[in-house]
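The values are calculated or read from the model by the stated rules, or taken from the named source; none is laboratory data. The shown structure was predicted, so the numbers you read here are calculated from the model rather than taken from an experiment. Virtual Cβ from ideal backbone geometry, glycine too; neighbours counted across all protein chains shown. Areas reflect the complete protein model, heavy atoms only, side chains present, ligands, DNA and RNA absent. Shrake-Rupley method; radii C 1.70, N 1.55, O 1.52, S 1.80 Å.
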Amino acid sequence: MRREYRRCFAMGDTADEKGLCGVLNKRRTLICMGALLSFLLMAKVGWAAPLIPNIDINVGSSNNPQDVAVTLQILAVLTILSIAPSILLMTTAFVRIVVVIGFLRNALSTQNVPPNQVVIALALFLTVYIMGPYWSVANEQGLQPYLAGQISQEEALKNVVAPMREFMFKQTREADLALFVNLAGDARPDTQDDVSTFTLIPAYVISELKTAFQIGFMIYIPFIVIDMIVASTLMGMGMMMLPPVMISMPFKILLFVMVDGWQLLIRSLIVSFK
């Protein structure tokens, strides 16, 4: 091979000599590509096993009814875990906050500004801020004693739910609570302990929605006034083809910024839970 390469480099520029050199170059290229491919295959065989483990999930048959029951229980637990965050959020201040911010966005006529991701993130942070004291009590009286082995699972669950029930009772209207007590066919409760948690949660949710709609109505009033003024001005100028919303939106944003609207809104939301 070396002799052929030397001969190729020693030759002149005739057509036969160029053809020989081209063949040698192609042979050398093929050899290099084969060596590189072999190295990659060896590397793949050597590294694929520890980096990419094999996971195999099979669905088979069983003659034991107990196995089927366990499988159904696992599926039920996975289903509950998938919707658990939504259920927990319904028992917090998240409902009122996210609905009120949605009303504000519609009143400003800004469509998707702020975006949904920002609205959800802000609502979650405010929820953590408002629910912090209640979650601290649940952690100190329920979770930590249970992890230390001082109380049983039933007592821990009761101590964790107690501060959440206290928060929901403060925000729930008696009429809404009476509605679900009557629909459930339960006797009139004498104390809050007589009310089931499953009855309290829907009553709390509709109470939060009513409060959020009331706050949303108060938010809409100043912006509706601006819309009416702009629409009347455009009609008086004969510019009926120009959308009033397009003209009023900058004025509404300017008003909201000048009065420091975000501070007023967030302050009102936090105070409304106390």
*Per-selection Kirkwood Rh - region 112-216 (Cα, Å, 1 d.p.)*: 15.8
*Efficiency of FRET from Cβ geometry, residue 264 and residue 128, R₀ 25 Å, rounded to 0.05*: 0.75
*Would you mind calculating the gained length between residue 152 and residue 251 on full extension (0.36 nm times residue separation, minus the Cα-Cα distance), in nm to one decimal?*
29.7 nm
*asked:* Over all directions, the average projected area of the alpha-carbon convex hull for region 206-256 comes to how many nm²?
replied: 4.1
*Between residue 228 and residue 175, 0.36 nm times their residue separation minus their Cα-Cα distance comes to what?*
15.4 nm
_Rg [Å, one decimal], Dmax [Å, integer] - region 76-160, C-alpha atoms_ = 17.1, 55
*Starting from the Cα of residue 274, step 7 Å along the direction of its Cβ; do the same at residue 182; then give the gap between the two resulting points in nm.*
3.6
_In 10 Å bins starting at zero, report the fraction of Cα pairs in region 160-274 per bin as a rounded %._
12, 29, 20, 17, 14, 7, 1
_What is the percent carbon and sulfur in the accessible area of region 226-274, measuring with a 1.4 Å probe over the protein chains and ignoring ligands?_
78
*Given the C-alpha centroids of region 110-172 and region 206-274, what is the distance between them in whole angstrom?*
32
